[in-house]
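Engineer: This is the structure I want to talk about, given as structure tokens.
FYI, it's all coordinate maths here, none of it is from the lab. Just so we're clear, the structure is a prediction, and the values are computed from it rather than from any experiment. Methodologically, a virtual Cβ is constructed for each residue, glycine included, from the backbone with ideal geometry; neighbour enumeration extends over all protein chains shown.
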Amino acid sequence: MKSVYLEPARFEQSARNISSRRNDLVTLDCHAKGDEPITIGWTQNNGRIDLNNFRFSIAEMKTEKGVDSQLTIGQSDRHDSGVYRCIAENPYGRAEQIIFLAVQERPDTPSNLDLFEVGSRTVKLSWRRPFDGNSPVLSYLVQYQALKYLQSHGTSGAGGGDWNGQNVINVSLPSTSISRRYVLTFMFVFMEICTQNRILGSILSLVSLFHL
């Protein structure tokens, strides 16, 4: 008597990580193996994927050993980041592959900026750490400039200056505050801050106009 082995649905890899840049086309592939018939389903963060959204599409192809399924996401953004599950099932078993997708972008601008302990020659600045764009924050750049300088150079904020100049402070993590002592007396000062990650710097955030 000949025995027949019926192979349940399975994946050779149970989990993996994928990263992409914002607005890029993202393709998530899963390769299910096992005996026919195999059905494939996808979820995002434990919810169904809305295929009525034009940005999402799924394609399948049978192979000699099972079924390949491909989930495509167009114009990806931060909300597409998360946990995707490719679920394969046949009459003999069920398996899933987990894909962790991180859509990377420029970080958000620091928030809750607060100037405190403003003295005749010193000022302290603090802020809240922003969304990192799914890429580790490397540092914060704080630029300060006298209003007189800005007016003479025709700019409305410190961002018009040189971000490699002496008036730029590079703040390393995990710090989210600085204390600055001024050698010269500025009548009015602008301060701006941006976040740096491996993708790009954030949009500048104007802190305040204050008198020293």
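Engineer: Using the count of nearby Cβ atoms within 10 Å as a rough guide to exposure, how do THR27, THR176 rank from fewest to most? Please report the intermediate quantities before stating the final value.
Structural biologist: On the way: THR27 12, THR176 15.
By the 10 Å Cβ count, ascending, the order reads THR27, THR176.
Engineer: Please work out the Cα convex hull volume for the range 15-104 and give it in Å³ per residue. Write out the running numbers ahead of the final one.
Structural biologist: Working: hull volume 8.1 nm³, N = 90.
Convex hull of Cα atoms, per residue: 90 Å³.
Engineer: Sort 122-128, 8-14, 29-35 by the packing proxy (mean of other Cβ within 10 Å over each peptide's residues), most packed first.
Structural biologist: By packing density, highest mean first, the sequence is 29-35, 122-128, 8-14.
Engineer: Kindly rank 98-110, 47-59, 65-77 from highest to lowest mean number of other beta carbons found within 10 Å of each residue.
Structural biologist: Going from most to least packed, we get 98-110, 65-77, 47-59.
Engineer: Semi-axes of the range 51-137's equivalent ellipsoid from the Cα gyration tensor, sqrt of 5 times each eigenvalue, largest first, rounded to whole Å?
Structural biologist: Numbers: eigenvalues 455, 38, 17 Å².
Ellipsoid semi-axes (Å, largest first): 48, 14, 9.
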